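Undergrad: There's a structure below that I have some questions on.
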Amino acid sequence: MVRLKNITKTYNHGAVKAVDDVSFSVEKGELFGLIGPDGAGKSSIFRMLTTLLIPDKGSATVAGHDIVNDYKLIRSKVGYMPGRFSLYPDLSIEENLDFFATVFNTTVKENYHLIEDIYVQIAPFHKRRAGRLSGGMKQKLALCCALIHKPTVLFLDEPTTGVDPVSRREFWEMLKRLRQQGITILVSTPYMDEASLCDRIALIQHGRILSIDTPQGIAAAYPNSLYAVKATDMPRLIRVLSTYYPHMHSYLFGEVIHLDARGMGGYNLPDELTQFLTAEGFADIEVKPIAPTIEDCFINMLVRHDT
């Protein structure tokens, strides 16, 4: 449904390479996640795929149409929800939805079945101006407007940024239901915990793809043993751990420190590290093996890339 081949995009006359030789494909009916921090190149990729930007190199197709030559056809077949709220703040919920339906020569009534599950949550406020809506309600309205012309591919650029946890969870439940209707969905997000909600993901940084696989496949490919470490005086603990073994990598992860035991095969790390930390004056020491998250995998790829 979506194909990219060696796509490159630069800014400032080539000084900034936002997208660097990116290739991947998304199958029909798939929920595909583009996962990476701000500035990784996610929005530039989405803007090219929705024909708002022209790539400097490479090619891409959406629903079988070339993003440069067939841009009018693509615009009629895709729904796009940009990262920044872009609806008309002075128009009501109802007026915004009617306007976008009219732009695509359809009506709200004709395609209401596509948005019904979402719209019923904001219907009680249908006369309220869009600019006065909460973040979660703006998100739901923007998704309704992106769906009202019955797109075959839906692009959602960081749709849950700045939204409360409850609205984030509701939003992903809505995406699952849309996927069941056969809509192909591409979503970008900086939130690593959302990666597990996708069928497949691409991890991206500095405009380059680090890995593409299912979330389970990426986690299973983590190359080293990983441990959670906790003790008294956590700020000092992170400094001391950096001296324990030169090839190990450690970083704060919530209330614990994650320790990548690269090069420590054959060691009984929990016992030996506990002894080392006890000798350093720490108390209440905990060292336990853990399964890597997508965020751990992303950090490991960045460390390997930089070394």
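The values are calculated or read from the model by the stated rules, or taken from the named source; none is laboratory data. Keep in mind the model is a prediction, meaning the values are calculated, not measured. FYI the Cβ positions are ideal-geometry reconstructions off the backbone, even for glycines, and counts take in every protein chain you see.
Undergrad: Residue check, Ser44 against (1) at positive phi; (2) within 17 Å of the chain's Cα centre (by Cα), all met but one. Which one?
TA: Here Ser44 meets the rest and fails (1).
Undergrad: Being closer than 22 Å to Ala146 by Cβ, of a type in the set (A, V, I, L, M) and crowded, with 20+ Cβ neighbours inside 10 Å is true for just one of Ile183, Ile209. Which residue is that?
TA: Selected residue: Ile183, the only one of Ile183, Ile209 that is closer than 22 Å to Ala146 by Cβ, of a type in the set (A, V, I, L, M) and crowded, with 20+ Cβ neighbours inside 10 Å.
Undergrad: Tell me which residues, restricted to the range 1-26, are part of a loop (DSSP other than H, G, I, E, B) and either small (Gly, Ala, Ser) or under 18 Å from the mean Cα position of the chain (by Cα) (or both).
TA: From the range 1-26, those part of a loop (DSSP other than H, G, I, E, B) are 1, 12-15; that's our starting set.
Answer for the range 1-26, where residues must be part of a loop (DSSP other than H, G, I, E, B) and either small (Gly, Ala, Ser) or under 18 Å from the mean Cα position of the chain (by Cα) (or both): Gly14, Ala15.
Undergrad: Next question, about the same structure. Hey, among the residues in the range 255-266 that are of a type outside the set (D, E, K, R), part of a loop (DSSP other than H, G, I, E, B) and surrounded by fewer than 19 Cβ atoms within 10 Å (Cβ to Cβ), which one's modelled with the highest pLDDT? Quick ask: steps written out before the conclusion?
TA: Looking only at the range 255-266, we keep the residues that are of a type outside the set (D, E, K, R), and these are 256-259, 261, 263-266.
Retained after the next criterion (residues that are part of a loop (DSSP other than H, G, I, E, B)): 261, 263-266.
Filter again for surrounded by fewer than 19 Cβ atoms within 10 Å (Cβ to Cβ), leaving 263, 265-266.
On the way: Gly263: 67, Gly265: 61, Gly266: 51.
The extreme case among them is Gly263.
Undergrad: Still on this model: Here is a list of conditions, (1) within 15 Å of Thr152 (Cα to Cα); (2) surrounded by 15 or more Cβ atoms within 10 Å (Cβ to Cβ), and Pro82 meets all of them except one; can you say which number that is?
TA: Single failed check for Pro82: (1).
Undergrad: If you don't mind, there's one more thing I want to ask. Counting only residues that are under 24 Å from Lys176 (Cα atoms) and in contact with a Pro (Cβ under 9 Å, 6 or more places away or on another chain), give me the strands (runs of 3 or more DSSP E) lying completely in the range 27-119 with at least 2 of them. Outline the logic, then answer.
TA: Values: elements: 31-35, 57-62, 78-81.
Strands (runs of 3 or more DSSP E) meeting the threshold: 31-35, 78-81.
Undergrad: Contact list please: Cβ distance under 6 Å, first residue in the range 277-288 and at positive phi, second residue surrounded by fewer than 12 Cβ atoms within 10 Å (Cβ to Cβ), pairs at least six apart or on different chains.
TA: none
Undergrad: Sticking with this structure for a sec: Would the range 207-226 turn up any residue that is closer than 17 Å to Thr160 by Cβ and in contact with a Lys or Arg (Cβ under 7 Å, 6 or more places away or on another chain)? Break it down into steps so the answer makes sense when it comes.
TA: Taking the range 207-226 as the starting set, the residues that turn out to be closer than 17 Å to Thr160 by Cβ are 215.
The next check asks that each one be in contact with a Lys or Arg (Cβ under 7 Å, 6 or more places away or on another chain); those that pass are none.
For the range 207-226, residues closer than 17 Å to Thr160 by Cβ and in contact with a Lys or Arg (Cβ under 7 Å, 6 or more places away or on another chain): absent.
Undergrad: Does the range 122-152 hold any residues that are under 9 Å from Gly79 (Cα atoms), in contact with a Leu (Cβ under 7 Å, 6 or more places away or on another chain) and either assigned to a helix (DSSP H, G or I) or not basic (Lys, Arg) (or both), and which are they? Talk me through it step by step, then tell me what you get.
TA: Quick first cut of the range 122-152, residues under 9 Å from Gly79 (Cα atoms) only: 143, 145-152.
Next, from what is left, pick out any that are in contact with a Leu (Cβ under 7 Å, 6 or more places away or on another chain): 145-148, 150.
Cys145, Ala146, Leu147, Ile148, listed by residue number.
Per-residue answers, yes or no, for (1) under 21 Å from Val19 (Cα atoms); (2) part of a strand (DSSP E or B):
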{"site": "Glu170", "(1), (2)": "no, no"}
{"site": "Ala195", "(1), (2)": "yes, no"}
{"site": "Ser211", "(1), (2)": "yes, yes"}
{"site": "Gly217", "(1), (2)": "no, no"}
{"site": "Tyr222", "(1), (2)": "no, no"}
{"site": "Val229", "(1), (2)": "no, yes"}
{"site": "Leu237", "(1), (2)": "no, no"}
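Undergrad: Residues of the range 126-164 being buried (at least 17 other Cβ atoms within 10 Å of the Cβ), within 18 Å of the chain's Cα centre (by Cα) and farther than 12 Å from Leu97 by Cα, which ones?
TA: Correct list: Gly136, Gln139, Val153, Leu154, Phe155, Leu156, Asp157, Glu158, Pro159, Thr160, Val163.
Undergrad: Out of all the residues in the range 267-289, which are under 14 Å from Lys230 (Cβ atoms) and either assigned to a loop (DSSP other than H, G, I, E, B) or not hydroxyl-bearing (Ser, Thr, Tyr) (or both)?
TA: Pro270, Leu273, Leu277, Phe282, Ala283, Asp284, Ile285, Glu286, Val287, Lys288, Pro289
Undergrad: Moving on to the next point. Take the residues in the range 47-79 that are aliphatic (A, V, I, L, M) and over 21 Å from the mean Cα position of the chain (by Cα); name whichever of them is surrounded by the fewest Cβ atoms within 10 Å (Cβ to Cβ). Give the derivation first.
TA: So in the range 47-79, the residues aliphatic (A, V, I, L, M) come out as 48-49, 52-54, 60, 62-63, 67-68, 73-74, 78.
Checking which are over 21 Å from the mean Cα position of the chain (by Cα) leaves us with 54, 63, 67-68, 73-74.
On the way: Ile54: 11, Ala63: 17, Ile67: 24, Val68: 13, Leu73: 15, Ile74: 22.
Out of the qualifying residues, it is Ile54.
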